[in-house]
1. Only residues that are more than 10 Å from chain B (Cβ to nearest Cβ), more than 18 Å from residue B:73 (Cα to Cα) and crowded, with 18+ Cβ neighbours inside 10 Å: list them for the stretch A:123-167, please.
2. Restricting to the stretch B:97-124, and then to whatever is among the hydrophobic types (A, V, I, L, M, F, W, C) and over 14 Å from residue B:161 (Cβ atoms), can you tell me which residue is farthest from the other protein chains (Cβ to nearest Cβ)?
3. Go through (1) away from chain B (no Cβ under 13 Å); (2) of a type outside the set (Ser, Thr, Tyr); (3) within 17 Å of the chain's Cα centre (by Cα); (4) within 26 Å of residue A:213 (Cβ to Cβ) for residue A:34 and report which single condition fails.
4. Of the numbered conditions (1) in contact with an Asp or Glu (Cβ under 8 Å, 6 or more places away or on another chain); (2) surrounded by fewer than 18 Cβ atoms within 10 Å (Cβ to Cβ); (3) on the phi > 0 side of the Ramachandran plot; (4) modelled with pLDDT of 95 or more, residue A:217 satisfies every one except a single condition; which is it?
5. Go through the stretch B:225-269 and give me each residue that's in contact with a helix residue (DSSP H, G or I) (Cβ under 7 Å, 6 or more places away or on another chain) and in a helix (DSSP H, G or I).
6. Return the total of residues in the stretch A:21-69 being within 23 Å of residue B:139 (Cα to Cα) and not in a loop (DSSP other than H, G, I, E, B).
7. From A:230, A:182, A:255, A:172, grab the single residue that is within 8 Å of chain B (Cβ to nearest Cβ) and surrounded by 15 or more Cβ atoms within 10 Å (Cβ to Cβ).
8. Find the residue count for the stretch B:278-309, including only residues that are outside any loop (DSSP other than H, G, I, E, B) and either more than 9 Å from chain A (Cβ to nearest Cβ) or on the phi > 0 side of the Ramachandran plot (or both).
Amino acid sequence: MNIVICVKQVPDTETKIRVKDGQVDHSETKYVVNPYDEYAIEEGLRIKERMGEGTITLVSMGPERAKDALKSGLAVGAEEAIHLTDEAFEGSDPYATALILSKALQKLDYDIIFCGKQGVDEDHAQVGIILSELLDIPHVSVVTKLEISDDGKSILAHREVEGGHEVVEAPLPAVITAQKGLNEPRYASIKGIMAVKKKVIPEWNAEEIGVETTSVGLEAAKVSFVEVSLPPERESGKVFAEDPVQDAIKVAHLLRDEAKIL
Amino acid sequence: MSNDVLVVAEIREGAIKKVAFEMLGEGRRIASELGGNLLAVALGHGIGDVAAPLAHYGADKVFVADDPTMADYTAEGYTNVLAGLIGELEPALVLLGATTQGKDLAPRLAARLGAGLASDCTGFAVQDGDLRITRPIYAGKATAIVRETARPYMATVRSNIFAVPEPDTSREAPTETVSVDAGDIRAKVVELIKEAGERVELTEADIIVSGGRGLKEPENFALIEELAGVLGAAVGASRAAVDAGWKDHSYQVGQTGKVVTPTLYIACGISGAIQHLAGMKTSKHIFAINKDPDAPIFKVADYGIVGDLFKVVPVLTEEFKKMLAEA
């Protein structure tokens, strides 16, 4: 089974976001592998372990630092990694990102493609699904449980919906977008981390994957950022710290009379 | 190309989702500014009167795709039908709810149409005949204004942001049947596993009561559930409570969980890590109960009690019960 996993590097969720000149200021940002991509990587590893065969290829589009995300995935057990990088890719929106990934994937063999359900930076939650449309294969999004048929030709995937779960059946190849709950990602061993330190990760640029530079990047964006700002700070309100019972009664009345919530 | 706004109205369990009415209200405002009509489309099987409220809430024309192949939502089937309809209507803007269905369908549909898509939007402004769309990023730690360049513009719209307009039950709108060719559907729902009991959906809830590590034991979520039950509220959980295995991930509020905007958010035993605040900071009112007076949650709370939640929460439950009985 050929397993391809798309990964992205994003700011750590504990990072405080700063804004400068109407754009997010990343000068002090600490980057990590997108949390949802960690579930994607783990699921790929588990499938390979269960089936006893397969190759796992990681793909990431982004600047030089995207290699760190790829190395994190290699350190836990993926075999191959490809870094999609070109000046022309900068500023790509979800459609252009999916287009770049689709062109790269057309040069690879894939039976199943994993993505995180969304990047926790710009929160589009689109790339994996657009990728499936561009490759003309089905997708199942927000997956919390996955089974592969014995013949390796189809999947049963549980996806989170309002008030329950849908069980979706789809033939492979397909794109799966991973939701928290799919598995518990493993940590890399020291040995694994050391082994990938010096690993040279191949780079593919626009020409190599056959994508027109005019169809990607900021200029081609169908959705672009005009301005980013910080939401107004909330002012702290009435805090009580005397007697739990009396305080509770007071706040209950304030919620009814001031906030009008009942 | 028209200046019309098309609302894709989701039907779930035989009724139109509330966010569709919210979109009709906002869609009407955008359509008037653009000088276009407000259109709505519903897909399903045996729809009958289910689509009638779309006119009551403002749609000038209603399209219905009623076919056995539309009974269960599939991204591929719905994309095939909607792409055809949108190709004919050429609306300026297509709105879908940012529900699990809308978020699954919209990217495939946008890619098929070669359109852009703004996700999980909370504001629309018409500026010089063009749209400026507001959407939270970094789970609400920042707010972005985006513009789209490829027509039709598309957006998924967050629940609980726009007001439901006042319905006019005497209002009627012409209804047109959409010819349905679902095409080749590869990914199909074979089973729906429903949660036991009625559960208020977090993203649509008016009141949310959430519990965190301060509850100490998973069994103590019963306190949260009792209070929520009295208020008709949804139950939420912090990442710490979910990671400890006390609650399923579908309950998690925060950056790697759900982003919620209720009228009232009650945080019990939640310290208020950045990633949690990101998911609930835009609630209209926040009420926090925590032992630690320095807990960051108090910085965003309108009301706070520094104290033992095991003493506070049962009193709240009783007090609200009394108030509701009096009302």
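1. Matches in the stretch A:123-167: A:135, A:146, A:148.
2. First pass over the stretch B:97-124, keeping only residues among the hydrophobic types (A, V, I, L, M, F, W, C): B:98, B:105-106, B:109-111, B:113, B:115, B:117-118, B:121, B:124.
Narrowing further to those that are over 14 Å from residue B:161 (Cβ atoms): B:105-106, B:109-111, B:113, B:115, B:117.
On the way: B:105: 9, B:106: 8, B:109: 9, B:110: 7, B:111: 4, B:113: 10, B:115: 7, B:117: 6 Å.
Taking the candidates together, the pick is B:113.
3. Failing condition for residue A:34: (1).
4. For residue A:217, the exception is condition (2).
5. Scanning the stretch B:225-269 gives B:226, B:227, B:230, B:231, B:239, B:240, B:241, B:242, B:249, B:251.
6. Total satisfying the criteria: 17.
7. Details: A:230 fails: surrounded by 15 or more Cβ atoms within 10 Å (Cβ to Cβ); A:182 fails: within 8 Å of chain B (Cβ to nearest Cβ); A:172 fails: within 8 Å of chain B (Cβ to nearest Cβ).
A:255 is the lone residue from the list that is within 8 Å of chain B (Cβ to nearest Cβ) and surrounded by 15 or more Cβ atoms within 10 Å (Cβ to Cβ).
8. Going residue by residue through the stretch B:278-309, those that are outside any loop (DSSP other than H, G, I, E, B) are B:278-280, B:285-290, B:297-300, B:303-306, B:309.
Then drop every residue that is not either more than 9 Å from chain A (Cβ to nearest Cβ) or on the phi > 0 side of the Ramachandran plot (or both), which leaves B:279-280, B:290, B:297.
The number of residues fulfilling the criteria is 4.
The values are calculated or read from the model by the stated rules, or taken from the named source; none is laboratory data. What you are looking at is a predicted structure, and each value in this text was computed from that prediction instead of being measured. Note that we place each Cβ from the backbone using ideal geometry, even for glycine, and neighbour counts take in every protein chain shown.
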